[in-house]
Amino acid sequence: AQTVTQSQPEMSVQEAETVTLSCTYDTSESDYYLFWYKQPPSRQMILVIRQEAYKQQNATENRFSVNFQKAAKSFSLKISDSQLGDAAMYFCAYGGSNYKLTFGKGTLLTVNP
Amino acid sequence: KAGVTQTPRYLIKTRGQQVTLSCSPISGHRSVSWYQQTPGQGLQFLFEYFSETQRNKGNFPGRFSGRQFSNSRSEMNVSTLELGDSALYLCASALEGQGHNEQFFGPGTRLTVL
């Protein structure tokens, strides 16, 4: 079974600065996908970024980028130029062959003005 | 394109009752998944349906069941409610549901069991 671990229950960052959220996972599959989802307070969960395991190049979406280390089974999210609207719970998730997402426990990100 | 909708948004039930939650996926999406979200356990997978067939089921007791209709809409049912069933129940839809598919989440149904 796959597991996803987010070791930082809470993080805070100053507006306009950079923050990195950590995620590690465990799997025996070779073909899989990794995701970061954002859940703002009382709002719907939305996809932030997706990484395909067979691609060595790290995914980037505007201010959001990942550092994917396949051998180390590490998948961190970097948020640059943090904005107040980035405040949310961030979930790392694994998608493999069994038609489900396995989520980490989440990291609550606070952005300070 | 309309997003994933879930009804009702809030529910209050008492122990021993049963409840049915509904999910309408994004048009064209054939995969619907259900997750239970609690502060202690986080997001836990309940089940996934594709073309009216359950393809995967999480580690939940048999009191939790679901189904999918021919129009891809899905319902989940919880019988004999327990206090521990209080949670946010999230529905997500995807084109086909394989690992690479982005899942689009609904706003959730907040269930409170008294």
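The values are calculated or read from the model by the stated rules, or taken from the named source; none is laboratory data. A quick note: this is a predicted structure, and the numbers were derived from the prediction, not measured. In this analysis, Cβ positions are derived from the backbone assuming ideal geometry, glycine residues included, and neighbour counts consider all displayed protein chains. Remember, those area values only see protein heavy atoms, side chains included, never the ligands or the DNA or RNA. Shrake-Rupley method; radii C 1.70, N 1.55, O 1.52, S 1.80 Å.
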Complete set of residues in the stretch B:12-33 that are more than 10 Å from chain A (Cβ to nearest Cβ) and in contact with a Phe, Trp or Tyr (Cβ under 9 Å, 6 or more places away or on another chain): B:21, B:23, B:25, B:26, B:29, B:30, B:32
Let me spell it out: the conditions are (1) over 25 Å from residue B:9 (Cα atoms); (2) modelled with pLDDT of 95 or more, and residue A:104 meets all of them except one. Which number is the exception? (1)
Pairs, please: C-beta under 9 Å, at least 6 apart or cross-chain, first residue within 18 Å of residue B:57 (Cα to Cα) and within 7 Å of chain B (Cβ to nearest Cβ) and in the stretch A:97-108, second open to solvent by less than 70 Å² (accessible area, probe 1.4 Å) and of a type in the set (Asp, Glu)? A:97/A:29; A:98/B:48; A:99/B:48; A:100/B:48
Which number in (1) within 14 Å of chain B (Cβ to nearest Cβ); (2) touching a Lys or Arg at 6+ places or on another chain (Cβ under 7 Å); (3) open to solvent by 70 Å² or more (accessible area, probe 1.4 Å) marks the one condition that residue A:44 misses? (2)
Going by what's in this entry, would residue B:77 be described as in contact with a Ser or Thr (Cβ under 8 Å, 6 or more places away or on another chain) and either assigned to a loop (DSSP other than H, G, I, E, B) or open to solvent by 10 Å² or more (accessible area, probe 1.4 Å) (or both)? yes
Considering the stretch B:35-65 alone, what residues qualify as being more than 10 Å from every other protein chain (Cβ to nearest Cβ) and in a strand (DSSP E or B)? B:36, B:38, B:53, B:64, B:65
Residue that is most open to solvent (accessible area, probe 1.4 Å), among those in the stretch B:18-34 that are assigned to a strand (DSSP E or B) and among the polar types (S, T, N, Q): B:20
Filter the stretch A:64-113 for residues that are under 17 Å from residue A:2 (Cα atoms), surrounded by fewer than 22 Cβ atoms within 10 Å (Cβ to Cβ) and among the charged types (D, E, K, R) and give the result. A:70, A:73, A:105
Please go through (1) closer than 18 Å to residue A:8 by Cα; (2) loosely packed, with under 12 Cβ neighbours inside 10 Å for residue A:30 and return the number of the only condition it doesn't satisfy. (1)
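Take the residues in the stretch A:1-27 that are in contact with a Cys (Cβ under 6 Å, 6 or more places away or on another chain) and either part of a loop (DSSP other than H, G, I, E, B) or surrounded by fewer than 16 Cβ atoms within 10 Å (Cβ to Cβ) (or both), then tell me which one is farthest from the other protein chains (Cβ to nearest Cβ). Working first, answer last.
Step one: list which residues in the stretch A:1-27 are in contact with a Cys (Cβ under 6 Å, 6 or more places away or on another chain), which gives A:4, A:6, A:23.
Add one more test, that the residue is either part of a loop (DSSP other than H, G, I, E, B) or surrounded by fewer than 16 Cβ atoms within 10 Å (Cβ to Cβ) (or both), and what stays is A:6, A:23.
Working: A:6: 9, A:23: 13 Å.
Among those that are in contact with a Cys (Cβ under 6 Å, 6 or more places away or on another chain) and either part of a loop (DSSP other than H, G, I, E, B) or surrounded by fewer than 16 Cβ atoms within 10 Å (Cβ to Cβ) (or both), it is A:23.
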